[in-house]
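J.: The structure follows.
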Amino acid sequence: MPVKSLGKSQNTLKTKIDALTSRLERIEARQAAQGFSELKGMLRRRGLDIFRFNPQGHLLLPSFRTEEAQARFYDLFKKYSFRLFLREVLSRGGPFRVADVVRYSSLKTGRKYLRALTELGLVERLAGEDCRLLELPPVSLGPTLEWFMAEVFRKEFSCPALYGLRCKGTRFGGDFDVVSAMESRLIYMEVKSSPPKNIEGAEVHEFFARLEDLQPHLAFFFVDTELRLKDKIVPLFEAEGGAAGPPIPDDAGRAEKIGDEIFFLKPALYLLGSKRSIAGNMEVCFRHFFTSSPGKAFPFWPSQRSAE
């Protein structure tokens, strides 16, 4: 084929590919809008009046809000060592050196993360080996972790998701970390950035109260740790389930291990950490939900709580 004809064919093919890509993007945008509408409808039908969701303040995200930068940061954030690195940076509250924030990774890995953060417009280098975050840093990584978990629902499981949700019309407080919708089922996820040793029974009690307000079909209690959940988190939940109030089945308050540091409590509650893969652990939970506890809606363990 002559070079001129080849070039013309390539241009025609490129035009067709661009048109198909544009069409696919429009279809995905419509589907996303429909998904969010369904999710908001579920909340409204439960009497919850949304007045804030997806807050942008207190997030540690790239200064360059391009799709490429966001995708790169998302991929980095999947790594437990990167999240630990960011926590150490935030704990400094000001200038830092890489050698001082690599307690859980090698100096080589820390330098790689620093280079990435610099390229993403999050960090600037000062004199010598000192560095600092360019924007006023958030107090903790918690809000950014909520954003990330909502992105996991959206990117890995094609589920619409909202994070940092605040609602009126609740009995026990209207703060919900992440809510999502999947196949006409409402999902709630509590997100904890603290290690298990810092989580107390009062937080578990409040979590169950939020379940009563939200009445999801499926719930997650996620702790961003690779440490064992069985030593403290599981006993806290078993104790709360046992004290939830009558009547409940004999085994309703006991946790069943379904994966590596992944636990299930009836009727549809999953406790999970970040060991190996967050998305992979969630996939284990979803598979179990659809094969072992097929979509029974809450009520969760009835507790006859009174508003506090």
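J.: Please name all residue pairs, on different chains or six or more residues apart, with Cβ atoms under 9 Å, provided the first residue is in segment 117-137 and is under 14 Å from Leu90 (Cα atoms) and the second residue is open to solvent by less than 90 Å² (accessible area, probe 1.4 Å) and among the acidic types (Asp, Glu).
T.: Cys131/Glu124; Arg132/Glu124; Leu133/Glu124; Leu134/Glu124
J.: Continuing with the same structure: Tell me, which residue of segment 83-132 that is part of a helix (DSSP H, G or I) and either of a type in the set (S, T, N, Q) or touching a strand residue (DSSP E or B) at 6+ places or on another chain (Cβ under 6 Å) (or both) is farthest from Thr225 (Cα to Cα)?
T.: Thr118
J.: If you don't mind, there's one more thing I want to ask. Quick one: in segment 87-127, of everything that is aliphatic (A, V, I, L, M) and within 23 Å of the chain's Cα centre (by Cα), which residue is surrounded by the most Cβ atoms within 10 Å (Cβ to Cβ)?
T.: Among those residues, the one meeting the criterion is Val89.
J.: In segment 53-86, what residues are under 16 Å from the mean Cα position of the chain (by Cα), of a type outside the set (A, V, I, L, M, F, W, C) and on the phi < 0 side of the Ramachandran plot?
T.: Pro55, Gln56, Gln70, Tyr74, Asp75, Lys78, Lys79, Tyr80, Arg83
Table: residues versus (1) out of contact with any strand residue (DSSP E or B) (no Cβ under 7 Å at 6 or more places or on another chain); (2) closer than 29 Å to Pro160 by Cα; (3) of a type in the set (Lys, Arg); (4) at pLDDT below 95.
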residue	(1), (2), (3), (4)
Lys192	no, yes, yes, no
Pro195	yes, yes, no, yes
Phe220	no, yes, no, no
Val223	no, yes, no, no
Arg228	yes, no, yes, yes
Asp231	yes, no, no, yes
Gly241	no, no, no, yes
Gly245	yes, no, no, yes
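J.: How do the pairs read when you match residues in segment 141-158 that are within 12 Å of Arg83 (Cβ to Cβ) and in contact (Cβ under 8 Å) with a residue 24 or more places away in the chain with residues anywhere that are of a type in the set (S, T, N, Q) and not in a helix (DSSP H, G or I), using Cβ under 7 Å and keeping only pairs 6 or more apart or on different chains?
T.: Leu141/Ser193; Gly142/Ser193; Leu145/Ser193
J.: Go through (1) open to solvent by less than 10 Å² (accessible area, probe 1.4 Å); (2) more than 28 Å from Leu86 (Cβ to Cβ); (3) of a type outside the set (Asp, Glu) one by one and return the number of the condition Gln215 breaks.
T.: Only one criterion in (1) open to solvent by less than 10 Å² (accessible area, probe 1.4 Å); (2) more than 28 Å from Leu86 (Cβ to Cβ); (3) of a type outside the set (Asp, Glu) is unmet by Gln215, namely (1).
J.: For the structure I just gave you, tell me whether Leu165 is touching a Pro at 6+ places or on another chain (Cβ under 8 Å) and either crowded, with 21+ Cβ neighbours inside 10 Å or modelled with pLDDT of 95 or more (or both).
T.: Numbers: touching a Pro at 6+ places or on another chain (Cβ under 8 Å): no; either crowded, with 21+ Cβ neighbours inside 10 Å or modelled with pLDDT of 95 or more (or both): yes.
Against the criterion (touching a Pro at 6+ places or on another chain (Cβ under 8 Å) and either crowded, with 21+ Cβ neighbours inside 10 Å or modelled with pLDDT of 95 or more (or both)), Leu165 does not qualify.
J.: Restricting the search to segment 133-175, which residues are among the acidic types (Asp, Glu) and in a loop (DSSP other than H, G, I, E, B)?
T.: Glu135
J.: State whether one or more residues within segment 16-36 are modelled with pLDDT of 65 or more, over 17 Å from the mean Cα position of the chain (by Cα) and either surrounded by fewer than 11 Cβ atoms within 10 Å (Cβ to Cβ) or part of a helix (DSSP H, G or I) (or both).
T.: So the first thing to find is which residues in segment 16-36 are modelled with pLDDT of 65 or more, and the list is 36.
Then drop every residue that is not over 17 Å from the mean Cα position of the chain (by Cα), which leaves none.
Checked against the condition, which is being modelled with pLDDT of 65 or more, over 17 Å from the mean Cα position of the chain (by Cα) and either surrounded by fewer than 11 Cβ atoms within 10 Å (Cβ to Cβ) or part of a helix (DSSP H, G or I) (or both), segment 16-36 yields no hits at all.
J.: Shifting gears a bit: Looking only at residues in segment 57-73 that are open to solvent by 100 Å² or more (accessible area, probe 1.4 Å) and free of Cβ contacts under 8 Å to residues at least 40 places away in the same chain, which one is nearest to Leu90 (Cα to Cα)?
T.: Going through the qualifying residues, I end up with Arg65.
J.: Could you look through segment 175-198, keep only residues that are more than 18 Å from the chain's Cα centre (by Cα) and on the phi < 0 side of the Ramachandran plot, and pick out the one that is most open to solvent (accessible area, probe 1.4 Å)?
T.: So, considering only residues that are more than 18 Å from the chain's Cα centre (by Cα) and on the phi < 0 side of the Ramachandran plot, the one most open to solvent (accessible area, probe 1.4 Å) is Lys197.
J.: Please state which one of Arg103, Arg92, Arg97, Arg125 is at pLDDT 90 or above and basic (Lys, Arg).
T.: Arg97
J.: Also: Filter segment 90-103 for residues that are of a type outside the set (Gly, Ala, Ser) and touching a Pro at 6+ places or on another chain (Cβ under 8 Å) and give the result.
T.: Correct list: Leu90 only.
J.: Could you go through segment 124-142 and let me know if any residue there is of a type in the set (Asp, Glu) and over 18 Å from Phe73 (Cβ atoms).
T.: Yes, there is a match, as at least one residue in segment 124-142 is of a type in the set (Asp, Glu) and over 18 Å from Phe73 (Cβ atoms).
J.: Separate question: Residues Arg87, Arg65: which one is of a type in the set (D, E, K, R) and farther than 19 Å from Arg154 by Cβ?
T.: Sole residue among the options that is of a type in the set (D, E, K, R) and farther than 19 Å from Arg154 by Cβ: Arg87.
The values are calculated or read from the model by the stated rules, or taken from the named source; none is laboratory data. Remember, it's a predicted structure, so these values are computed and weren't measured experimentally. In this analysis, Cβ positions are derived from the backbone assuming ideal geometry, glycine residues included, and neighbour counts consider all displayed protein chains. The protein model used for the area step is the full one, side chains on, heavy atoms only, and it has no ligands, DNA or RNA in it. Shrake-Rupley method; radii C 1.70, N 1.55, O 1.52, S 1.80 Å.
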